[in-house]
Amino acid sequence: MSATTPDATPYVLVLYYSRHGATRTLAEQIAAGIESISGVEARLRRVPEISATCEQTEPEIPDSGAMYVELDDLRHCAGLALGSPTRFGNMAAPLKYFLDATSELWMNGALIDKPATAFSASSSLHGGQETTLITMLIPLLHHGMVYAGVPYSATELLETTQGGTPYGTTHVSGKRGDNDVDDNEQRLALAQGKRIARLALAMQPLRETK
Ligand SMILES: Cc1cc2nc3c(=O)[nH]c(=O)nc-3n(C[C@H](O)[C@H](O)[C@H](O)COP(=O)(O)O)c2cc1C
């Protein structure tokens, strides 16, 4: 589906990059949480790979999986859940590359007062998930978005021995990247999806009265 007009059903854009599928699994769980809240939809989109040489690296429409994001998907969203693998404690370049192309939205204040949240996967427990989430939040604040993490009312935060942080859901994929998203990580992603959906609906009137 292409980008919708602002008066269609509000949606939270779940935008991610995932090379090996761990971040995609979290994205799908967050989308399930969003879809469980009535009156708001989840729109799952990803960014394509990038290349150091100036050439098209991917077909315009992917062979499988989520569609590639368009600027209008972000422009018209009621909220945003942004996901990236941890790469050297930071977000992956393809996602940053997309964000760096959003100046027009920034100049027009298109994302001001919209809620945003972030999620990540890393291979190791202390490999920089939290710095990834915190640094992902910075461009969103520049856009005027309101950041929402995961509150400790999600008690899995106190119990997890794998992923899960108050800054956003995470998954520890393991040395070979073959750990399944465990129950705590899954429940936290669901809770995060529900929360961003509720916030997207609650904050909509705030923007309409401007
Ligand atoms: C270039 C690069 C840098 C990475 N840096 C980190 C890191 O700083 N900490 C970590 O724990 N894992 C790191 N990883 C591992 C990925 O975060 C991990 O495999 C993640 O689960 C991949 O997510 P995906 O399956 O969604 O692609 C790195 C992987 C690559 C390719």
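Considering only residues that are within 23 Å of Gly193 (Cα to Cα) and more than 16 Å from the ligand (Cβ to nearest atom), which ones fall in the stretch 70-105? Correct list: Glu70, Leu71, Asp72, Asp73, Leu74, Arg75, His76, Cys77, Ala78, Gly79, Leu80, Leu99.
Evaluate the following for Ala116: is it out of contact with any Lys or Arg (no Cβ under 8 Å at 6 or more places or on another chain) and within 12 Å of the ligand (Cβ to nearest atom)? Answer is no for this residue.
Looking across the stretch 33-52, the residues that are touching a Leu at 6+ places or on another chain (Cβ under 8 Å) and farther than 16 Å from Pro10 by Cβ come down to Arg46, Val47. With respect to the conditions (1) within 16 Å of the ligand (Cβ to nearest atom); (2) within 16 Å of the chain's Cα centre (by Cα), Leu141 falls short on a single one, namely (1).
Read-outs: derived from the displayed coordinates by stated rules, not from any lab. Here the structure is a predicted model, which means the values were calculated and not measured. Cβ: placed from backbone, ideal geometry, glycine included. Neighbour counts: every protein chain shown.
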